1. Take the residues in segment A:249-278 that are closer than 30 Å to A:Asn346 by Cβ, modelled with pLDDT under 90 and open to solvent by less than 40 Å² (accessible area, probe 1.4 Å), then tell me which one is nearest to RNA strand B (Cβ to nearest atom).
2. Give me the pairs: first residue in segment A:396-425 and closer than 24 Å to A:Glu345 by Cα and assigned by TED's automatic domain parsing to the domain that holds A:Ala152, second residue of a type in the set (Ser, Thr, Tyr) and open to solvent by 10 Å² or more (accessible area, probe 1.4 Å), beta-carbon distance under 6 Å, and six or more apart or on different chains, which are they?
3. Within segment A:335-364, work out how many residues are more than 13 Å from RNA strand B (Cβ to nearest atom) and within 24 Å of the chain's Cα centre (by Cα).
4. Can you list the helices (runs of 4 or more DSSP H) lying wholly within segment A:199-245 that have 3 or more residues being under 17 Å from A:Glu286 (Cβ atoms)?
5. Only one of (1) under 22 Å from A:Val363 (Cα atoms); (2) open to solvent by less than 10 Å² (accessible area, probe 1.4 Å) fails for A:Leu187. Which number is that?
6. Pairs under 7 Å by beta carbon, first residue at pLDDT 90 or above and more than 14 Å from RNA strand B (Cβ to nearest atom) in segment A:220-248, partner in a loop (DSSP other than H, G, I, E, B) and of a type in the set (S, T, N, Q), six or more apart or different chains?
7. Identify the residue in segment A:322-347 that is open to solvent by 20 Å² or more (accessible area, probe 1.4 Å) and over 23 Å from A:Glu234 (Cβ atoms) and, among all such residues, is modelled with the highest pLDDT.
8. Just checking, which of A:Gly143, A:Gly117, A:Gly164, A:Gly150 is of a type in the set (Gly, Ala, Ser) and part of a helix (DSSP H, G or I)?
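The values are calculated or read from the model by the stated rules, or taken from the named source; none is laboratory data. The model shown is predicted, which means the values in this text are computed figures rather than measured ones. Cβ placement follows ideal geometry from the backbone for every residue including glycine, while neighbour counts extend to all protein chains displayed. Heavy atoms of the whole protein, side chains included, go into the accessibility calculation; ligands, DNA and RNA do not. Shrake-Rupley method; radii C 1.70, N 1.55, O 1.52, S 1.80 Å.
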Amino acid sequence: MLDIRLIRSSPDIIRADLLKRNETEKLVWIDDLLREDARSRELKIEDDILRQRRNVIAREINAARKSGLDTTALMAEAASLPLKIKDNDEEQEKISETIHAYLMRLPNILHESVPAGKDDTENVEIKSAGTIKKYDFELKNHGQLAVEKGWADFERATKISGAGFYFLKGSLVLLDMALQRFALDLLVQKGYIPIIPPYMINRSSYECVTDLGDFEKVMYKIEGDDAYLIATSEHPLAAMYRDEIFEDHDLPLRLAGISSCFRREIGAHGLDTKGLFRVHQFTKVEQFIFCRPEESWQLHEELLTNAEEVFQKLEIPYRIVNICTGDIGTVAAKKYDIEAWMPRENAYKEVVSCSNCTSYQAVRLNVKVRDKSNFELKRHVHTLNSTLIATSRVIRAILENCQDETGSVEIPRLLRPYMNDREYL
RNA sequence: GCUGAGGUAGUCUAGCGGUAGGGCGCAGGCCUGGAAAGCCUGUGGUGCGAAAGUGCCUCGGGGGUUCAAUUCCCCCCCUCAGCGCCA
């Protein structure tokens, strides 16, 4: 959410950003918002005066009673005030609901380096790395291979849970856990604090960290409780410090979340229908940072570098794309995706999403940092998040990239210590 | 799930119809050669104001009674302790 004070003081910055996003229909929101905000402040001034009068009279009545004076006139005036205050409050309540509704729907302000573009086809590649191998045999679909080898069972999972679920079996279970520990060790060694968060959080916390549309499309709600299954550990990690103020020396705070992730919307497209790429449930090691506003762009690059290191170490070719205005969504100010090379499809596929959300989550969460040199000054922190490893997608990348003509899968060298030094799955 | 005790500013705690007090922590100031100690001020949200200031709101949340609610009444939420159930 944007800070209303920023919109009040620099509405042209917001307007320019909406134009860049090509969301011109929201331009009128800004005018309406500014009008409502001005009216809200007028009402507050009136309200403050009424309340002040009420407080003064209450004190005067008390003083008069104590000295035995007549209070009839004061009581009469006092009796007229509550109704006026109530009317005023009701109007203010309506206005603040309107303001809040706009604020919840206005997107974050983009970084200047975000490219303009209509959708994901216009994201901009900024780097590609790794050696793409040539295969002189036909690669097997990763899902098909996994079933043949007894490493996964999709049919029985569909029978008992529905499409988009899977039983992971045998070597792939060990591989999944090896990837988790590999990822976690990499982050711990860099000073990130590993965290297992709650897998369910309540609606009010969830609204602070994600886009409203996600409630309808992405999140699983637990019936009968105010609880939603997390779509990523980013969400509980971000909400963890809700309504808190960091001291300057607490930041930057680097966290490594690990959790199962639950998502309703998975789509259904060609090769992805069956397999581990688009699923309702997967495990993810996530990087998350709370920091001072001035250091977030540098830390955004740090997160990306960490994620790249994973694919370098696993020897999986990848590229980095800068997500364009049409694909970036409401929360991030800038987002990189890492896409891993999937040789069977002859294409790069998304495996990492790395975002700087600047103060957008922090404003809703009310998370601030006390300024080092000015005790009174408290600024909203910046939050950043990035996948380190989403195991299901990396498993697919390994099954495809490391496959030989016999259908054997060679385990990436640096992962072997986590696989009891085995060379093949 | 049952019973009991609680929820007061960053934290601990007092107040139980009449401007929310104190301890600790933290920040600043005075003092000092420098520090400690001591003393003073500040500490959440928001409005007006260039500033100095000044007002309003905030005692878990929401209603009600009252000129006035942290205090009385109703509903809800959460925490802790004990018991029960349980991997």
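1. A:Leu276
2. Cβ pairs passing all conditions: A:Ser408/A:Tyr424; A:Glu410/A:Tyr424.
3. Summing the residues that are more than 13 Å from RNA strand B (Cβ to nearest atom) and within 24 Å of the chain's Cα centre (by Cα) in segment A:335-364 gives 19.
4. Per the criteria, A:203-209, A:234-239.
5. All conditions are met except number (1).
6. A:His235/A:Thr210
7. A:Trp341
8. A:Gly143
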